[in-house]
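Okay, so here's the structure we're looking at.
The values are calculated or read from the model by the stated rules, or taken from the named source; none is laboratory data. In this text, all values refer to a predicted model and were calculated from it rather than measured experimentally. Here the Cβ positions follow ideal geometry from the backbone for every residue, glycine too, while neighbour counts run over all protein chains shown. What goes into the accessible areas is simple: the full protein's heavy atoms, side chains included, and nothing from ligands, DNA or RNA. Shrake-Rupley method; radii C 1.70, N 1.55, O 1.52, S 1.80 Å.
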Amino acid sequence: MTENIDELGPVDWIVVEFPGSKFNGEIAPVLQDLVERGLIKVLDLMMLRKDDAGELEIFELSDLEDGELGELRTEEAELAMILSEQDVLDIAETIEPGSTAAVLVWENLWAAPFGAAVRHAGGQLVASGRIPIQAVIAAIEADLEDEGA
C-alpha cells in the first residue's frame, strides 16, 4: 500500500463475473493503464472459476496464462493479499455456476491527499457508496425519455 500510512487512499473491491467463463483478459490493459498513471495500486487480484456443477477453482496471478492478464503479472510481487480465505469463499457464493470472476482490491491513490487532509482536520469517513453504472445509465435514459415526451 502507500508508503506513508498517513497518506493511505480509500481501498475498494469489486467482483466482476463473466458468465460462461468467457474471461479473455481484455480488461487487463485498462487496469494496467490505471496503475501506470498512478491512479490506483492493485492490492489483491485473483480469479475464481465455478464449473457447471458449482465446483470452485481459485487462481492467483501466477496460475494464469500470460494472455489472460498481460502485464498485470508484474504487479504480483507487490500484492498485499488483503482478502482472507473466508472472504474468498464468501465471494464465491455470489458467482453463478459455469462462470469466471475477477476479484480486485485496490487503493485509490488519487484520493490519498484528500483522505490525509480529512484525517488531519479531525474528520473521518462515516458513509460511502457506489451507484452501479447500469443504474446511472437507466436514470440518464429515463431523463432523456422524459425530455422527449
Per residue accessible area in Å² of the stretch 98-147, where ligands, DNA and RNA are left out and the probe is 1.4 Å: 70
Two-site label geometry, Ile14 and Gln124: point separation in nm, points 7 Å out along Cα→Cβ: 2.9
Most to least packed among 107-113, 26-32 [average Cβ atoms within 10 Å]: 107-113, 26-32
Potential lengthening between Thr94 and Asp52 on full extension [0.36 nm per residue; Cα-Cα distance subtracted]: 13.7 nm
Solvent-accessible area per residue, Å², over the stretch 1-53 with all protein chains present [probe radius 1.4 Å]: 60
Cut-off 13 Å between beta-carbons: net charge of the residues surrounding Ser84, Lys and Arg +1, Asp and Glu -1: -4
